[in-house]
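What follows is a short report on a single structure.
Any read-out appearing in this document is the output of simple, stated calculations on the displayed coordinates, not a laboratory observation. In this text the structure is predicted, and so the values were computed from the model without any measurement. Virtual Cβ from ideal backbone geometry, glycine too; neighbours counted across all protein chains shown.
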Amino acid sequence: MPQRVTGARWVAALGAGLLLAGCATSAPSDSPSATPETTGSPTANATDPATASPTSAPADVAAAFRKIADASCDRANAEGIVELAADGSQKSILIPKSMAYQDFNAAFYSDDEGASLIWSTENFGACIDSINFSLADEGGTTYKLDVTFNSADGTFTTSVDQGRNQKPFLSTYTVENGVLVSRHIDADWGQMDVDFVYGMPSDEDIAILHDAVDAFLAEN
């Protein structure tokens with residue numbers, strides 16, 4: 001069942017599958033780096049992966065997901081994004097770097113814990129996979145991400161190995177207009193639904209970012 005998580009767990013959950021630490025914010029390459037795994041048979045004339053409909057499986061599921069992940073992260077960085085828990089109790093806020101406040105442009109907020117800083121776009125669900133693909137390319141390695149496509153509803157599901165005695169970390173993404181718009185997380189600690197709202201965050205959300213920055217600078 002969906003559950004509320006702490007700020008640290010929320011950020012870890014949204015950034016689950018982090019391959020390497022880094023500061024990249026997008027991954028422009030369209031070349032596939034994940035091992036493709038499909039559900040069902042690809043159609044003979046697959047549609048553009050970024051606009052695949054619920055009834056047409058991409059010819060290369062991993063490449064299709066990467067293209068969508070890259071477009072999502074690019075849009076989040078360019079326009080801003082709020083990743084909001086379905087119950088409204090928690091959210092991650094990102095504004096474009098050009099509008100950064102005291103050099104910071106991301107924050108987390110929960111009803112229980114208030115506001116705190118987010119240090120990197122790797123901690124946003126809209127960006128984590130795009131960044132990992134890019135970092136793997138730069139390091140000459142492969143981002144080990146299993147990706148499946150559900151032809152019945154047009155969703156992509158990613159699976160990240162969490163190691164011994166832990167089940168894989170699963171994220172099921174809904175796609176609209178070529179970008180990720182929601183994420184269902186299924187992990188050892190429970191499940192969570194997150195909506196992705198692109199565009200400049202509200203004045204209220206920007207105020208949360210400012211509060212988090214001011215509090216951090218006052219203590220450091």
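Taking the Cβ of each residue in Ile185, Ile81, Ile118 as the centre, tally the other Cβ atoms inside 10 Å and list the residues starting with the fewest.
Details: Ile185 20, Ile81 30, Ile118 23.
So the ranking, lowest neighbour count to highest, is Ile185, Ile118, Ile81.
What net charge do the residues around Arg183 carry, taking every other residue with its C-beta under 10 Å from that of Arg183, with Lys and Arg at +1 and Asp and Glu at -1?
Working: positive: none; negative: Glu83, Asp193, Asp195.
Residues near Arg183 contribute -3 overall.
Arranged by the count of other C-beta atoms within 10 angstrom, fewest first, what order do Tyr173, Tyr198, Tyr101 take?
Values: Tyr173 25, Tyr198 18, Tyr101 14.
Least crowded to most crowded, the residues run Tyr101, Tyr198, Tyr173.
Thr155's amide H: which non-local residues (gap 5+, or another chain) put their own amide H closer than 5 Å, with H modeled 1.01 Å from N in plane and none for Pro or chain starts?
Asn150
With +1 assigned to the C-beta of every Lys and Arg and -1 to the C-beta of every Asp and Glu, and no other charges, what is the dipole magnitude of segment 111-150 about the Cα centre in debye, to the nearest 20? Display every interim value, and only then the final one.
Numbers: 1 positive and 8 negative charges, 46 e Å.
It works out to roughly 220 debye.
In terms of modelled amide H atoms, which long-range or inter-chain residues lie less than 5 Å from the amide H of Gln162?
Residues meeting the amide H criterion: Phe169.
What net charge is computed for the residues neighbouring Ala106, neighbours being all others with C-beta under 12 Å from the C-beta of Ala106, Lys and Arg scored +1, Asp and Glu -1?
Numbers: positive: Lys91, Lys97; negative: Glu83, Asp103, Glu122, Asp205.
Taking every Cβ under 12 Å from that of Ala106, the sum is -2.
Tell me, what ³J(HN,Hα) does each residue in segment 190-206 have, in order and in whole Hz, if you take phi through Karplus 6.51 cos²θ - 1.76 cosθ + 1.60 with θ = phi - 60° and put x for Gly and Pro?
x, 10, 7, 10, 10, 9, 9, 10, 7, x, 4, x, 5, 4, 5, 5, 5
Could you order peptides 66-76, 187-197, 144-154 by the average number of other Cβ atoms within 10 Å of their residues, highest first? Provide the component values of the computation, followed by the final result.
On the way: 66-76: 24.2, 187-197: 16.6, 144-154: 18.3.
So the peptides 66-76, 187-197, 144-154, ranked by packing, come out 66-76, 144-154, 187-197.
With a ≥ b ≥ c taken as the square roots of the eigenvalues of the C-alpha gyration tensor of segment 177-220, please select rounded if a/c is under 1.5 and otherwise prolate if a/b is larger than b/c or oblate if it is not? Please report the intermediate quantities before stating the final value.
Details: a/c = 3.67, a/b = 1.53, b/c = 2.40.
It comes out oblate by the Cα gyration axes.
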